[in-house]
1. Given the conditions (1) open to solvent by less than 10 Å² (accessible area, probe 1.4 Å); (2) touching a strand residue (DSSP E or B) at 6+ places or on another chain (Cβ under 6 Å); (3) under 15 Å from VAL185 (Cβ atoms); (4) not acidic (Asp, Glu), which single one is not true for ALA275?
2. In region 298-316, what count of residues is obtained for those that are without any contact (Cβ under 8 Å) to a residue 40 or more places away in the chain, part of a helix (DSSP H, G or I) and not basic (Lys, Arg)?
3. Kindly evaluate SER311 against the criterion of being of a type in the set (S, T, N, Q) and either open to solvent by 10 Å² or more (accessible area, probe 1.4 Å) or farther than 22 Å from LEU158 by Cα (or both).
4. Can you list residue pairs whose Cβ atoms sit under 8 Å apart, with the first residue in region 447-459 being more than 18 Å from PRO386 (Cβ to Cβ) and the second being part of a helix (DSSP H, G or I) and open to solvent by less than 10 Å² (accessible area, probe 1.4 Å)? Count only pairs 6 or more apart in sequence or on different chains.
5. Need the failing condition index for LEU279 against (1) in contact (Cβ under 8 Å) with a residue 40 or more places away in the chain; (2) more than 19 Å from the chain's Cα centre (by Cα); (3) not in a helix (DSSP H, G or I), just the number.
6. Of all the residues that make up region 73-111, how many are open to solvent by less than 10 Å² (accessible area, probe 1.4 Å) and either at pLDDT below 95 or of a type in the set (D, E, K, R) (or both)?
7. In region 47-66, which residues are open to solvent by 50 Å² or more (accessible area, probe 1.4 Å) and not acidic (Asp, Glu)?
8. Can you say whether GLY217 is modelled with pLDDT of 95 or more, open to solvent by less than 40 Å² (accessible area, probe 1.4 Å) and on the phi > 0 side of the Ramachandran plot, as far as the supplied structure shows?
Amino acid sequence: MTLIKSISGIRGTVGGRTGEGLGALETVKFVMAFGQFLKEKVSEPKIIIGRDSRPSSEIYHNLAANALASLGVEVIDAGLLSTPSLQMAVISSQAAGGIIISASHNPNGWNGLKLVEASGEFLTQAQGEKVLAIAEDLKFDLAGEEKFGKIIQREYFLAEHLDKILALGLVDRLAIAERNFIIAVDGINSVGGRDVPELLKRLGVNKIEKLNCDLSGHFAHHPEPLDKNLGDLSALVMEKKCDLGIVVDPDGDRMSLVCEDGSFFNEEYVLVAVADHVLAKSGAGNTVSNLSSSRALQDVTEKRGGRYFPSAVGEVNVVAKMKEVKAVIGGEGNGGVIYPELHYGRDALVGIALFLSALAEFKGKCSELRKTFPAYFIAKNKIEMPGKIDWPKIYSQLEKIYQGSRIDKVDGLRIDFDHEWVQLRPSNTEPIARIYAESDSPAKAEQLAQKMIAELKEII
């Protein structure tokens, strides 16, 4: 059993002994700690709660709502809702915060709590640590019966979200409708199975082939939107002669694409394609992605006359950097697009709308659009790390080995060469190190990663 507390929120396995995963008691404890945290900032806070469609999510959702009401907090129960829709709902409702019940891309058997503050953004590291401290103290200011918070049902937040996407200047509904696209959608049997087809209809797409869109929460395959998990979608695209296949993760903040020939657009290139469209339309501007993302974003940014900036891994880190450099587009290479014109959060729905606008204007096929971007390949490796590791010492020795190369220590250690890079980053949640490398061929990327692994083992 596993319980992980990190910058991305709380998540853990469902079932087992108390304290070893994310069960009812843990859910109530962390939710009440979040409510207490907000009560110290706002005397009568209002909190919005939404959930993905996992079988455990409804139970945890109800536990969370009643736990908050016992603190005297007004709860807006938004029902089934994506993470980006919840983030925007917090802003539009002027709520003190929000909670999405979801384990994101983790498979069935996991669940989690994503905590959002009044800005519609995830908690910072310092805020998250304070919530965890409150949870450990178990000191909550409970309300008397006459002051219990109300639980109000509201389910129109998706419509509000879609209205704002369609109102964006760079979303070209007419061009999308004129292309008469046939699009396959893999909704992973969660909120994307409802939200993505609804968005497509409003964009003028009338021919939609659905796969795993029943909202049951029973995932037909691993829910992370990686190429290796998209075989069924690829087959459906070719069988139905679709122009495109779209898949999202269970809480709707990440996406990936399948081209008309069944090939994979690759989640790393979703942000690249959307950024290129935004930069082409808005002129030169700054972009941001985390250091584990493809350098293709830097290439297209510089080609358009803008500047690219890296950040540490984690949505809050990307957002902070985007604000600092006033980026016009940013995100993560895992299919997470952040478009600040709408809001500061990874959002698959706005990513889809912007990508379709780009594809409609391109007038060619999806596979042809993919070939217009630099061709890079990422090798992703991890190794177990024994005992306590002196990371500063390891970094120092690696810097000597790679002396003369561009070195970045924002997140672990990344070494950049002319057209390739390698990164070593210790995990925050597991006793492992992640070694990612990118080059212009899969073999070169893997060779670069293995070289770093060998050097790391030798130093240890």
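1. (3)
2. The total comes to 3.
3. Considered against the rule, which asks whether it is of a type in the set (S, T, N, Q) and either open to solvent by 10 Å² or more (accessible area, probe 1.4 Å) or farther than 22 Å from LEU158 by Cα (or both), SER311 comes out as yes.
4. No pair meets every condition.
5. (3)
6. Summing the residues that are open to solvent by less than 10 Å² (accessible area, probe 1.4 Å) and either at pLDDT below 95 or of a type in the set (D, E, K, R) (or both) in region 73-111 gives 2.
7. PRO55, ILE59, ASN62, LEU63, ASN66
8. yes
The values are calculated or read from the model by the stated rules, or taken from the named source; none is laboratory data. This one's a predicted model, so the numbers in the text were calculated from it and none came from an experiment. Please note: Cβ atoms are built from the backbone with ideal geometry, for glycine as well, and neighbour counts cover all protein chains shown. The area values use the complete protein model at the heavy-atom level, side chains included, leaving out ligands, DNA and RNA. Shrake-Rupley method; radii C 1.70, N 1.55, O 1.52, S 1.80 Å.
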